[in-house]
Amino acid sequence: MKPKILLINGSPRKYGATTKLMAIAEKGIFDAGGEVEEIFLYDYNIKECLGCVSDEQRVCRFPCIIDDDDFNKLGEKIIHSDGFIIISPIYWYTVSGKLKTFVDRLTSLENMIVHTGRSMLEGKVAGFIFTGNDSGSLLAIAHMMAVINSMGVHIPAWALAYHHTVDDALEDEQAVRDSYNVGYIATIVAKMLNERKEWYNPRVDIDELRKIAIEKAKMYESQKVERLKLFNEKTRK
């Protein structure tokens, strides 16, 4: 089967730089043997997260308890995909508000680890393409990478592209080349990972791991004595 990659666009401007670079990533996906579905988040009604996980962790689940908007429909698309590429304009050094709301709501998929032992995002692949007229692209990408990876999603090498000047994004050769490869690489990695969906191992012996760590630290206790001796000598001068 061909890997299915979602292109999730968080811009309200379908005619802008995000769409241009998204089209280039789509070509990369096709060239790597994948299939694509485009999602423009501003076409959907996505309500803000209620933060129920902070009141009672088991209330947060998928389908999300907010059932009068479009998020659960989008969540199903993600579940049945092999990966996704997040595409966003830069709004004050971070992603658009609509995209941030969408990512917050992905907690309902991640928190299924409480109910079933597995995040429903585990084993999928993600890439990132961000554009803006000023700085902030790498800050925003780094933030999204940390969030998405914490939900159980794989982020391969070279899975990012960005453009951050007032010039046309298509004049930025690096952004064009990188955007193509975000799609290309995400598809290749999705193919490689298709046979294995479970990665994180929650069934570990915590006491055993603590014992291993304590024993390792004891091996170097003499170093602490030497360091304290050095510090005392330096502070007496």
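Some notes on this structure:
- Flag for ILE46 being touching a residue at least 40 places away in the same chain (Cβ under 8 Å) and outside any loop (DSSP other than H, G, I, E, B): no
- Close pairs (7 angstrom Cβ cut-off, 6 or more residues apart or separate chains): closer than 20 Å to LYS4 by Cβ in the stretch 115-139, polar (S, T, N, Q) and not in a loop (DSSP other than H, G, I, E, B) anywhere: ILE129/SER179
- Residues in the stretch 70-88 that are buried (at least 16 other Cβ atoms within 10 Å of the Cβ) and either at pLDDT below 95 or of a type in the set (D, E, K, R) (or both): ASP82 alone.
- Count - residues of the stretch 60-69 that are crowded, with 19+ Cβ neighbours inside 10 Å and aliphatic (A, V, I, L, M): 0
- Residue list for the stretch 24-35, restricted to those being in a helix (DSSP H, G or I) and crowded, with 17+ Cβ neighbours inside 10 Å: ILE24, ALA25, GLU26, GLY28, ILE29
- Residue check for PHE84: within 27 Å of LYS2 (Cα to Cα), touching a strand residue (DSSP E or B) at 6+ places or on another chain (Cβ under 6 Å) and among the aromatic types (Phe, Trp, Tyr): yes
- Take the conditions (1) free of Cβ contacts under 8 Å to residues at least 60 places away in the same chain; (2) part of a helix (DSSP H, G or I); LYS98 misses just one of them, which is (1).
- Test for GLY152: is it touching a residue at least 40 places away in the same chain (Cβ under 8 Å) and under 11 Å from the mean Cα position of the chain (by Cα): yes
- If the condition is being exposed (fewer than 15 other Cβ atoms within 10 Å of the Cβ) and either in contact with a strand residue (DSSP E or B) (Cβ under 6 Å, 6 or more places away or on another chain) or outside the structural domain of GLU171 (by TED's automatic domain parsing) (or both), then the stretch 36-59 contributes only GLU37.
- Of ALA140, ALA146, ALA157, all but one fail to be crowded, with 18+ Cβ neighbours inside 10 Å, in the same structural domain as ILE78 (by TED's automatic domain parsing) and among the hydrophobic types (A, V, I, L, M, F, W, C); the exception is ALA140.
- Number of positions in the stretch 198-223 that are surrounded by 10 or more Cβ atoms within 10 Å (Cβ to Cβ), in a loop (DSSP other than H, G, I, E, B) and either of a type in the set (D, E, K, R) or in contact with a helix residue (DSSP H, G or I) (Cβ under 7 Å, 6 or more places away or on another chain) (or both): 1
- The single residue among PRO63, PRO89 that is touching a Gly at 6+ places or on another chain (Cβ under 8 Å) and within 29 Å of SER137 (Cα to Cα) turns out to be PRO89.
- Neighbours by Cβ (under 7 Å, 6+ apart or cross-chain): first from the stretch 188-201, over 21 Å from VAL114 (Cα atoms); second at pLDDT 80 or above and outside any loop (DSSP other than H, G, I, E, B): VAL189/VAL125; VAL189/HIS154; ALA190/ILE5; ALA190/GLY83; ALA190/VAL125; LEU193/VAL125; LEU193/HIS154
The values are calculated or read from the model by the stated rules, or taken from the named source; none is laboratory data. Being a predicted model, the structure only gives us computed values, none of them experimental. Counting neighbours? That spans all protein chains shown, and the Cβs are built from the backbone with ideal geometry, glycine included.
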